[in-house]
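J.: Before anything else, here's the structure in question.
The values are calculated or read from the model by the stated rules, or taken from the named source; none is laboratory data. Every value quoted in this text rests on a predicted model; they were computed, and no experiment measured them. With ideal geometry, Cβ positions are generated from the backbone for all residues, glycine too; neighbour counts draw on all protein chains shown.
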Amino acid sequence: MFYLGIDVSKAKLDCCLLLDNTTFKRKDKSIANNPKGFNELLAWIQKQSVELTDVHIIMEATGVYHEQAAYALHDAGVKLSLANPNYVRHFAHSLAIKTKTDGMDSFVLARYGLSTVPKLWIPAPVKARLLQALLNRREAIAQDLQRERNREEKALVANAPDKIQQSIESSIAFLEQQLQKLQDDIDDHIDKHPKLKQDVKLLESIPAVGERVGNTMLSVLHNHHFESAEQVAAYLGLVPVEHQSGTSVLKRPHLSKTGSASVRATLYMAAVVATKYNPHIKALYDRLLAKGKCKMLAIGAAMRKLVHLCFGVWKNQTPYKANFLHKSA
């Protein structure tokens, strides 16, 4: 297997192909981050007497700039993995590589692939990607709307000129219309796909999981490939991180907080409600408080348990059952 590291930026892709996995002899190339560049890369690989089926590409998931290349290369039949940037950075430190350039980063990615053989990336279905795009846009509009409402409040307190207040009111009205339109589009999209409609209904059978949480978790579960509830919790940054060494260093555990902060914020509000109305989560929350745990730690555990319940009903395709026997989280 030949490992190809690609360092992604907005304008270009810096590529490093390992030709020898022992001596680390390599070939480097920089291409444009566009369809023409992708075709150029595929032709360049074959010029090195390497078959596309024998190449394993490793890229970092960098915002949206890697997506077009990832889909194009996957469609061309090349094996591809998306690496966690934090893992790659720590791997570079383990190699005592201090140089930070695009070319060196692509070499590190190729070495990372050789050493770890990361799991292959599988693109999400088009229907799941569209749902995620709609939810992302809805979240952006909701944030803009909240900012305008904050400005409206300040304008009223400051007795701003009428034209300023009218401008803010017009902006709020427009954003409210956009928000409602996006929500209608999300609902229509889910209704058009029986699998999405069925799964969101299962998710919403869980007490404290409403429309917003249900749609959010539906997108998470359909856009990624998880084998266990623990993997979902880890992806969303809901696993506890401990810091202990000997008897002198013992820091309070905290959530890893990797992944989407907006998803965690949505789950946080749902978990607060769940501590009162969801039998499984209420029992867990009360038990932790009885043991002397602080409320924030208990809420973190409640968020993680809520994710586990979502994965459970989705994976087993059965609605939530309040009397279902389960192991304590």
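J.: Mind counting the residues in region 174-187 that are surrounded by 14 or more Cβ atoms within 10 Å (Cβ to Cβ) and closer than 24 Å to LYS127 by Cα?
T.: 7
J.: Given the conditions (1) within 20 Å of THR53 (Cα to Cα); (2) outside any helix (DSSP H, G or I), report the number of the one that SER115 does not fulfil.
T.: (2)
J.: Looking at (1) part of a helix (DSSP H, G or I); (2) surrounded by 14 or more Cβ atoms within 10 Å (Cβ to Cβ); (3) more than 21 Å from the chain's Cα centre (by Cα), find the lone condition where ASN215 falls short.
T.: If we test ASN215 against (1) part of a helix (DSSP H, G or I); (2) surrounded by 14 or more Cβ atoms within 10 Å (Cβ to Cβ); (3) more than 21 Å from the chain's Cα centre (by Cα), just (3) comes out false.
J.: Whether any residue in region 122-143 is of a type in the set (A, V, I, L, M, F, W, C), loosely packed, with under 13 Cβ neighbours inside 10 Å and touching a residue at least 40 places away in the same chain (Cβ under 8 Å) is what I want to check.
T.: Looking for residues that are of a type in the set (A, V, I, L, M, F, W, C), loosely packed, with under 13 Cβ neighbours inside 10 Å and touching a residue at least 40 places away in the same chain (Cβ under 8 Å), one finds at least one in region 122-143, hence yes.
J.: So, in region 287-318, of the ones that are outside any helix (DSSP H, G or I) and of a type in the set (Lys, Arg), which residue ends up surrounded by the fewest Cβ atoms within 10 Å (Cβ to Cβ)?
T.: Across region 287-318, the extreme among qualifying residues is LYS291.
J.: A further question follows. Would it be correct to say that ALA61 is small (Gly, Ala, Ser), surrounded by fewer than 18 Cβ atoms within 10 Å (Cβ to Cβ) and at pLDDT below 95?
T.: Spelling it out, ALA61 is indeed small (Gly, Ala, Ser), surrounded by fewer than 18 Cβ atoms within 10 Å (Cβ to Cβ) and at pLDDT below 95.
J.: Give region 20-68 a look and list any residue that's of a type in the set (Ser, Thr, Tyr) and not in a loop (DSSP other than H, G, I, E, B), or say none. Explain how you work it out, then say what you get.
T.: Of all residues in region 20-68, those of a type in the set (Ser, Thr, Tyr) come to 22-23, 30, 49, 53, 62, 65.
Residues satisfying the conditions are SER30, THR53.
J.: Taking region 224-243 on its own, how many of its residues are assigned to a helix (DSSP H, G or I) and either surrounded by 16 or more Cβ atoms within 10 Å (Cβ to Cβ) or in contact with an Asp or Glu (Cβ under 7 Å, 6 or more places away or on another chain) (or both)?
T.: 5
J.: Looking at the structure I just gave you, is ILE190 within 20 Å of MET303 (Cα to Cα), β-branched (Val, Ile, Thr) and buried (at least 18 other Cβ atoms within 10 Å of the Cβ)?
T.: When the stated conditions are applied, ILE190 does not pass them.
J.: Check region 135-147 and report whether any residue there is part of a helix (DSSP H, G or I), assigned by TED's automatic domain parsing to the domain that holds LEU19 and out of contact with any strand residue (DSSP E or B) (no Cβ under 8 Å at 6 or more places or on another chain).
T.: Among the residues of region 135-147, not one is part of a helix (DSSP H, G or I), assigned by TED's automatic domain parsing to the domain that holds LEU19 and out of contact with any strand residue (DSSP E or B) (no Cβ under 8 Å at 6 or more places or on another chain), which makes the answer no.
J.: Being touching a residue at least 60 places away in the same chain (Cβ under 8 Å), surrounded by 15 or more Cβ atoms within 10 Å (Cβ to Cβ), assigned by TED's automatic domain parsing to the domain that holds ALA110 and closer than 23 Å to ASN223 by Cα is the requirement here; does HIS56 meet it?
T.: Yes, satisfied.
J.: Would you be able to tell me the number of residues in region 144-173 that are surrounded by 13 or more Cβ atoms within 10 Å (Cβ to Cβ) and either in contact with a His (Cβ under 8 Å, 6 or more places away or on another chain) or under 29 Å from LEU196 (Cβ atoms) (or both)?
T.: Count: 2.
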